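*Asks:* Structure below; questions to follow.
The values are calculated or read from the model by the stated rules, or taken from the named source; none is laboratory data. From a predicted model like this one, the values you see are computed outputs, not experimental measurements. Cβ atoms come from the backbone with ideal geometry, glycine included; neighbour counts cover every protein chain shown. These accessible areas exclude ligands, DNA and RNA; they are computed on the full protein's heavy atoms, side chains included. Shrake-Rupley method; radii C 1.70, N 1.55, O 1.52, S 1.80 Å.
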Amino acid sequence: MAQPRSTTDRSRLLTRLAAPAMTAAALLGGSPAPGVAAPEGLGTVESYSRALAAVERAVHALGGPEGAAALDSVTFTLETVAQATYQSSRPEPPFLEVAVTLEVEAAPGRRWARAATATVFPDAAFRTLRLLGPAGGAEIDPETGRSTPAPLAWEDFARDFRRSPQLVIRDAWERRAHLRWLGTLEVEGARCDLVTFPYFGRLELTVAIDPEGRVLRHEFLFEDVLAGDASVVASFADYRRDEGGRWLPGSFGQVEAGGPAVEGRYTRFTVGGEPRAEAFAAAAPQGGNGGRGGAEPAAVEARAEPAGGGGEPAAGPLEVAPGVHLLRRLGGQDYNSLLVDLGTYFVAVEAPLGRGAAAEIAAAAAALDPDKPIRYVVPTHHHDDHSGGVPHLAWATGAALVTTRGNEAFFRRATAARRTLGGPAVSPPAPAEIVLVRDGEWELRGDRTLRLLELGPNGHADEMLIVWLPEAGLLFQGDLIRFPEAGELEPARPQAGRLLELLEERDLADARIVGVHGRVGTVAELRRAVAAAEPGR
Ligand SMILES: [Zn+2]
């Protein structure tokens with residue numbers, strides 16, 4: 001592709017660049033493939049011009065004769081099946097499949113947005129509806145219609161809008177000064193222009209635009225919990241034209257870190273026309289707790305792009321028993337870790353989320369005792385929201401990782417992958433040492449005893465570790481039961497019943513229960529939650 005250009009070509013290019021009122025199209029007319037730039041420049045003008053020409057082509061292919069104006073009103077419904085790669089029972093395929101329906105209505109010129117999702121797991125379903133309209137942002141409870149004002153910003157819809165080539169191109173057009181041309185690539189038999197720009201001003205997105213102006217793919221970099229530096233590639237296919245001659249995609253696919261992640265079809269698509277103001281108007285706020293209502297994040301894609309706003313700051317360590325420190329609300333989210341002081345070293349139980357939370361755990365240990373290393377890190381299970389901080393914490397502290405046989409390969413790979421995006425860690429300083437819990441139990445003794453118990457298959461993950469601190473009468477678990485900070489106990493899921501069995505088998509009815517999520521609870525509360533979910537037990 002990068003062919004040396006003759007002097008004649010260079011001077012011709014210079015003449016073109018010097019022409020003041022030339023459009024991008026005229027500038028590119030008959031221009032040979034770019035390679036070496038004009039001697040005075042670095043090729044930025046040419047790169048911009050080529051990118052702009054491709055995006056203009058897409059604006060007209062997707063917006064029709066009205067062009068960008070038509071992209072100011074886009075409505076679609078996308079029905080997908082997503083692989084819950086890092087939320088399945090086991091860390092290898094076949095993974096749990098989750099049905100996700102996304103309904104979007106967007107009016108970018110006015111900054112109005114509406115996104116409704118329905119996420120159906122085999123044993124549970126969650127629905128969310130978020131609005132940004134003339135009256136501001138709101139979250140609506142789809143069951144009751146109650147609306148709660150929410151500080152939603154336009155950027156909070158960036159992930160939803162990536163499912164629409166029209167909305168991606170609308171954003172590229174708006175930020176056109178940042179467009180750059182990377183080259184061409186054959187995609188599905190079509191020679192595509194590759195254009196890159198900061199999508200929503202914060203995610204460097206590369207878009208493949210075919211000669212017809214259709215967006216066939218887009219891609220961005222992200223940190224995968226297992227593979228480290230990786231990319232998310234979305235593809236749009238089965239294009240057809242609407243009555244106005246605009247191209248509409250028929251199907252959508254997404255590959256994450258090289259593995260199939262999402263596949264689906266558009267069941268509704270409209271582009272152009274007046275945005276329906278009423279679609280973006282929330283019902284009058286009614287207060288109460290009509291907000292998220294304990295809905296669990298779909299998690300399937302949550303890892304791909306951090307959501308805006310981190311909520312409240314971490315609450316600081318709470319000494320729940322002598323030498324046992326609960327680190328609450330890591331990253332400002334409902335995630336806790338436990339630091340157990342065994343006298344000459346700490347054990348960190350759970351390193352959730354990612355590099356930020358791992359740094360908080362390391363800092364908390366250093367604040368408690370700068371001379372005491374974290375010698376072991378114990379993830380409760382392999383799910384990405386619980387294991388994302390493990391490589392970072394292991395690298396930062398040199399801690400050994402304690403896990404079970406079935407999760408060994410997962411953590412070996414996760415701690416060996418390069419992670420250069422977004423922080424100082426570049427590659428593993430040394431392979432992390434892995435300690436395996438065999439025969440269901442493992443113990444450390446120091447100033448106090450720390451015992452790891454393997455729960456066994458339970459409906460949530462096939463291999464999970466629970467921490468038992470006998471002197472403190474304290475048990476730490478992840479995702480088996482959640483005692484909410486406020487409000488009623490939720491009915492227990494099947495895995496809570498398995499935890500209760502284990503506590504009964506071991507005669508631990510007086511234990512206090514701490515978790516990755518929520519507050520400290522009791523076995524009596526656990527029993528009540530299990531009874532509510534399984535009457536007759
Ligand atoms: Zn989990």
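*Asks:* If the requirement is being away from the ligand (no atom under 16 Å from the Cβ) and either in contact with a Gly (Cβ under 7 Å, 6 or more places away or on another chain) or not hydrophobic (A, V, I, L, M, F, W, C) (or both), which of these qualifies: Asp384, Asp371?
*Replies:* Details: Asp384 fails: away from the ligand (no atom under 16 Å from the Cβ).
So the residue among Asp384, Asp371 that is away from the ligand (no atom under 16 Å from the Cβ) and either in contact with a Gly (Cβ under 7 Å, 6 or more places away or on another chain) or not hydrophobic (A, V, I, L, M, F, W, C) (or both) is Asp371.
*Asks:* Now a separate question. Counting only residues that are buried (at least 21 other Cβ atoms within 10 Å of the Cβ) and in a helix (DSSP H, G or I), how many does segment 332-354 have?
*Replies:* Residues that pass the stated criteria total 0.
*Asks:* Further, regarding this structure: Take Ala282 and decide whether it is within 28 Å of the chain's Cα centre (by Cα) and modelled with pLDDT under 95.
*Replies:* Working: within 28 Å of the chain's Cα centre (by Cα): yes; modelled with pLDDT under 95: yes.
The answer is yes for Ala282.
*Asks:* List the residue pairs whose Cβ atoms are under 8 Å apart, where the first residue sits in segment 144-173 and is on the phi > 0 side of the Ramachandran plot, the second is assigned to a loop (DSSP other than H, G, I, E, B) and buried (at least 22 other Cβ atoms within 10 Å of the Cβ), and the two are 6 or more positions apart or on different chains.
*Replies:* none
*Asks:* Taking the options Arg130, Arg159, Arg163, Arg175, name whichever one is more than 26 Å from Val195 (Cα to Cα) and open to solvent by 20 Å² or more (accessible area, probe 1.4 Å).
*Replies:* Working: Arg159 fails: more than 26 Å from Val195 (Cα to Cα); Arg163 fails: more than 26 Å from Val195 (Cα to Cα); Arg175 fails: more than 26 Å from Val195 (Cα to Cα).
Step by step, each of Arg130, Arg159, Arg163, Arg175 is checked, and only Arg130 is more than 26 Å from Val195 (Cα to Cα) and open to solvent by 20 Å² or more (accessible area, probe 1.4 Å).
*Asks:* Which residue is nearest to Ala230 (Cα to Cα), if the candidates are limited to segment 183-206 and must be touching a residue at least 60 places away in the same chain (Cβ under 8 Å) and among the aliphatic types (A, V, I, L, M)?
*Replies:* So in segment 183-206, the residues touching a residue at least 60 places away in the same chain (Cβ under 8 Å) come out as 183-184, 193, 195-197, 203.
Now drop any that are not among the aliphatic types (A, V, I, L, M), which leaves 195, 203.
Values: Val195: 19, Leu203: 14 Å.
The extreme case among them is Leu203.
*Asks:* Please tell me if Arg498 is touching a Ser or Thr at 6+ places or on another chain (Cβ under 9 Å), basic (Lys, Arg) and more than 30 Å from Gly228 (Cα to Cα).
*Replies:* Working: touching a Ser or Thr at 6+ places or on another chain (Cβ under 9 Å): no; basic (Lys, Arg): yes; more than 30 Å from Gly228 (Cα to Cα): yes.
The answer is no for Arg498.
*Asks:* Follow-up question, since we're still on this one. If the requirement is being open to solvent by 50 Å² or more (accessible area, probe 1.4 Å) and within 24 Å of Phe476 (Cα to Cα), which of these qualifies: Gly422, Gly440, Gly459, Gly446? Before you say what the answer is, go through the steps one by one.
*Replies:* On the way: Gly422 fails: within 24 Å of Phe476 (Cα to Cα); Gly440 fails: open to solvent by 50 Å² or more (accessible area, probe 1.4 Å); Gly446 fails: open to solvent by 50 Å² or more (accessible area, probe 1.4 Å).
Going through Gly422, Gly440, Gly459, Gly446 in turn, the sole match is Gly459.
*Asks:* Just to check your reading of the model, which residue among Val55, Val98, Val59 is open to solvent by less than 10 Å² (accessible area, probe 1.4 Å), within 16 Å of the ligand (Cβ to nearest atom) and touching a residue at least 40 places away in the same chain (Cβ under 8 Å)? It would help to see each step written out before you state the result.
*Replies:* Details: Val55 fails: within 16 Å of the ligand (Cβ to nearest atom); Val59 fails: within 16 Å of the ligand (Cβ to nearest atom).
Going through Val55, Val98, Val59 in turn, the sole match is Val98.
*Asks:* Another question, then. So which of Leu453, Leu502 ends up being in a helix (DSSP H, G or I) and surrounded by 18 or more Cβ atoms within 10 Å (Cβ to Cβ)? It would help to see each step written out before you state the result.
*Replies:* Working: Leu453 fails: in a helix (DSSP H, G or I).
Every option except Leu502 fails the conditions.
*Asks:* For the structure I just gave you, tell me whether Phe197 is touching a helix residue (DSSP H, G or I) at 6+ places or on another chain (Cβ under 8 Å) and aromatic (Phe, Trp, Tyr). Break it down into steps so the answer makes sense when it comes.
*Replies:* On the way: touching a helix residue (DSSP H, G or I) at 6+ places or on another chain (Cβ under 8 Å): yes; aromatic (Phe, Trp, Tyr): yes.
Yes; evaluated as a whole, the condition is true for this residue.
*Asks:* Is at least one residue of segment 154-169 farther than 30 Å from Gly245 by Cα and over 20 Å from the mean Cα position of the chain (by Cα)?
*Replies:* no
*Asks:* Right, something else. If you check Ala261, Ala302, Ala277, Ala314, which single one turns out to be under 30 Å from Tyr199 (Cα atoms), modelled with pLDDT of 65 or more, out of contact with any Phe, Trp or Tyr (no Cβ under 6 Å at 6 or more places or on another chain) and open to solvent by 40 Å² or more (accessible area, probe 1.4 Å)? Reasoning before the result, please.
*Replies:* Details: Ala261 fails: open to solvent by 40 Å² or more (accessible area, probe 1.4 Å); Ala302 fails: modelled with pLDDT of 65 or more; Ala314 fails: modelled with pLDDT of 65 or more.
That would be Ala277, the only listed residue that is under 30 Å from Tyr199 (Cα atoms), modelled with pLDDT of 65 or more, out of contact with any Phe, Trp or Tyr (no Cβ under 6 Å at 6 or more places or on another chain) and open to solvent by 40 Å² or more (accessible area, probe 1.4 Å).
*Asks:* Given the structure, is Leu489 farther than 22 Å from Ala321 by Cα, within 15 Å of the ligand (Cβ to nearest atom) and surrounded by 14 or more Cβ atoms within 10 Å (Cβ to Cβ)?
*Replies:* Numbers: farther than 22 Å from Ala321 by Cα: yes; within 15 Å of the ligand (Cβ to nearest atom): no; surrounded by 14 or more Cβ atoms within 10 Å (Cβ to Cβ): yes.
Taking the combined requirement at face value, the residue does not satisfy it.
*Asks:* Restricting segment 342-368 to residues that are touching a Phe, Trp or Tyr at 6+ places or on another chain (Cβ under 8 Å) and of a type in the set (Val, Ile, Thr), which is nearest to the ligand (Cβ to nearest atom)?
*Replies:* Among them, the one singled out is Val349.
*Asks:* How about segment 454-482: which of its residues are within 11 Å of the ligand (Cβ to nearest atom) and touching a Leu at 6+ places or on another chain (Cβ under 8 Å)?
*Replies:* Asn458, His460, Met464, Gln477, Leu480
*Asks:* Please go through segment 462-479 and pick out each residue that is open to solvent by 10 Å² or more (accessible area, probe 1.4 Å) and under 17 Å from Ser88 (Cβ atoms). Please lay out each step first, then the result.
*Replies:* Of all residues in segment 462-479, those open to solvent by 10 Å² or more (accessible area, probe 1.4 Å) come to 462-463, 468, 470-473, 479.
Asp462, Glu463, Asp479 - these are the residues of segment 462-479 that are open to solvent by 10 Å² or more (accessible area, probe 1.4 Å) and under 17 Å from Ser88 (Cβ atoms).
*Asks:* Filter segment 478-517 down to the residues that are modelled with pLDDT of 90 or more and at positive phi and list them by number.
*Replies:* Asp479, Asp507 - these are the residues of segment 478-517 that are modelled with pLDDT of 90 or more and at positive phi.
*Asks:* Can you work out which of the residues in segment 387-409 that are open to solvent by 10 Å² or more (accessible area, probe 1.4 Å) and part of a helix (DSSP H, G or I) is nearest to the ligand (Cβ to nearest atom)?
*Replies:* At the first step, the residues of segment 387-409 found to be open to solvent by 10 Å² or more (accessible area, probe 1.4 Å) are 392, 395-398, 405-406, 408-409.
Subset that is part of a helix (DSSP H, G or I): 392, 395-397, 405-406, 408-409.
On the way: His392: 19, Trp395: 23, Ala396: 23, Thr397: 23, Arg405: 19, Gly406: 15, Glu408: 18, Ala409: 18 Å.
Ranking the qualifying residues of segment 387-409, first place goes to Gly406.
*Asks:* Just give me the residues in segment 249-263 being at negative phi and either without any contact (Cβ under 8 Å) to a residue 40 or more places away in the chain or not aliphatic (A, V, I, L, M) (or both), in sequence order.
*Replies:* Answer for segment 249-263, where residues must be at negative phi and either without any contact (Cβ under 8 Å) to a residue 40 or more places away in the chain or not aliphatic (A, V, I, L, M) (or both): Pro249, Gly250, Ser251, Phe252, Gly253, Gln254, Val255, Glu256, Gly259, Pro260, Glu263.
*Asks:* Then there's this: Need at least 2 residues that are under 17 Å from Leu62 (Cβ atoms) and at pLDDT 95 or above per element, so show me which strands (runs of 3 or more DSSP E) inside segment 163-257 make the cut, counting only ones lying wholly within it.
*Replies:* Working: elements: 180-187, 190-199, 203-209, 215-224, 228-237, 251-256.
Ranges flagged: 190-199, 203-209, 215-224, 228-237, 251-256.
*Asks:* Give the number of residues within segment 507-534 that are in contact (Cβ under 8 Å) with a residue 12 or more places away in the chain and open to solvent by 10 Å² or more (accessible area, probe 1.4 Å).
*Replies:* Keep residues of segment 507-534 that are in contact (Cβ under 8 Å) with a residue 12 or more places away in the chain, which gives 508-521, 523, 525-530, 532-534.
Within this subset, residues satisfying the condition of being open to solvent by 10 Å² or more (accessible area, probe 1.4 Å) are 508-510, 512, 517, 519-520, 525, 527-528, 532-534.
Going through segment 507-534 one residue at a time, the tally reaches 13.
*Asks:* Here's a follow-up. State whether one or more residues within segment 195-203 are among the β-branched types (Val, Ile, Thr) and surrounded by fewer than 19 Cβ atoms within 10 Å (Cβ to Cβ). Break it down into steps so the answer makes sense when it comes.
*Replies:* Quick first cut of segment 195-203, residues among the β-branched types (Val, Ile, Thr) only: 195-196.
Now narrow it down to the ones that are surrounded by fewer than 19 Cβ atoms within 10 Å (Cβ to Cβ): none.
Looking through segment 195-203, none of the residues is among the β-branched types (Val, Ile, Thr) and surrounded by fewer than 19 Cβ atoms within 10 Å (Cβ to Cβ).
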